[in-house]
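Here's the structure we're looking at; comments come further down.
The values are calculated or read from the model by the stated rules, or taken from the named source; none is laboratory data. Because the structure is a prediction, the values reported are computed rather than measured. Heads up, the Cβs are rebuilt from the backbone with ideal geometry, glycines too, and the neighbour counts pull from every protein chain shown.
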């Protein structure tokens, strides 16, 4: 008997060959081949369907994200910004619109350890862009309609301001659930912290304080009279004046600021501001004028001179207000005793009294009798020159 493939054949004595095929062996081999082929096919199909499912999910998710971002962009004032760009009134310089991914990466997904400030309108995070620039990222609080308007208002105003003593707006992000402002990072804290020694051990010298006053006055004069459309800041205070490493002043927080048409002397509006800095005339009449900023600046001048807080429960009666306390001391001829002892030692008496007199003029209860910010900027520049002569 001989074997060939899956068949055997038998040779008889007469030379006749008889083939006998093993059908079981052939069937078993084909079954194994079919099962292996079927297994491979099912595996490939499952992998293909899985990959297809992942791709479809990503496409649907991407489409959904784009639609959501578009809704947020429009709700957060994106159309208004585009209209301004078209009229060449909007984004100036390097101001641009950031993506949410950029800002998430810059702030480590808005990590709480990156928070550098909180306010009524939002939370400020420190961030770092891919090009190495440090930024301040201001994220609005919950989507309250009035706060949203203030946030958009700040974005629109800052997009049109370009002054070395005003915080520079780098851009914004409108595709998130709440709008986000991106500005230059000012590293040395607020003027309030330095005057009142909060989170700092460095005492500002009189020369530095005077230079800060000169810079803030110049920036406000620019906002009031040098721009094509004047701006009233409406909330000038030492916490809204930031300092860089060289103690250069930068005005910030334009959330409640207002544009003013040329020729308009006042705006009738709801009173907004901070206790201690609020113009009494504005508080009583609800009429906002450029002189309202002048009054608030006068309070900052008094802070710089005295080192005292704008409102203190440790002072009695009406004198809880620093402005009232200073005015009373001036009227009683004891203004020098109210001034910060360090400032009296460092600055010349004549220079200090000149600045004190300017502060008194700013705090006049009658707005029309107060000087303009332009006049104050000129006077403070002159005083600064006198101080340099005194310093030798």
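In region 348-358, the residue that is surrounded by the most Cβ atoms within 10 Å (Cβ to Cβ) out of those that are more than 13 Å from residue 331 (Cα to Cα) and in contact (Cβ under 8 Å) with a residue 24 or more places away in the chain is 355.
Of the residues making up region 224-255, those that are touching a residue at least 60 places away in the same chain (Cβ under 8 Å), outside any loop (DSSP other than H, G, I, E, B) and under 25 Å from residue 139 (Cα atoms) are 231, 232, 238, 242, 249, 250, 251. Just a yes or no: is a residue in region 286-305 modelled with pLDDT under 95, on the phi < 0 side of the Ramachandran plot and surrounded by fewer than 19 Cβ atoms within 10 Å (Cβ to Cβ)? Yes: one or more hits. Residue-level check: of (1) surrounded by 15 or more Cβ atoms within 10 Å (Cβ to Cβ); (2) at pLDDT 90 or above; (3) under 28 Å from residue 232 (Cβ atoms), residue 164 misses just (1). The numbered conditions (1) buried (at least 24 other Cβ atoms within 10 Å of the Cβ); (2) modelled with pLDDT under 85 are all true for residue 318 except (1). Residue 186 meets the conditions (1) at pLDDT below 95; (2) crowded, with 20+ Cβ neighbours inside 10 Å in every case but one. The failed one is (1). Cβ separations smaller than 9 Å between residues 6+ apart or across chains give the following pairs from region 266-280 residues that are assigned by TED's automatic domain parsing to the domain that holds residue 230 and at pLDDT below 70 to residues that are buried (at least 16 other Cβ atoms within 10 Å of the Cβ) and in a loop (DSSP other than H, G, I, E, B): 266/260; 266/289; 267/260; 267/289; 269/234; 271/278.
If you go through region 218-263 and keep only what is on the phi > 0 side of the Ramachandran plot and within 19 Å of the chain's Cα centre (by Cα), you end up with 234, 253.
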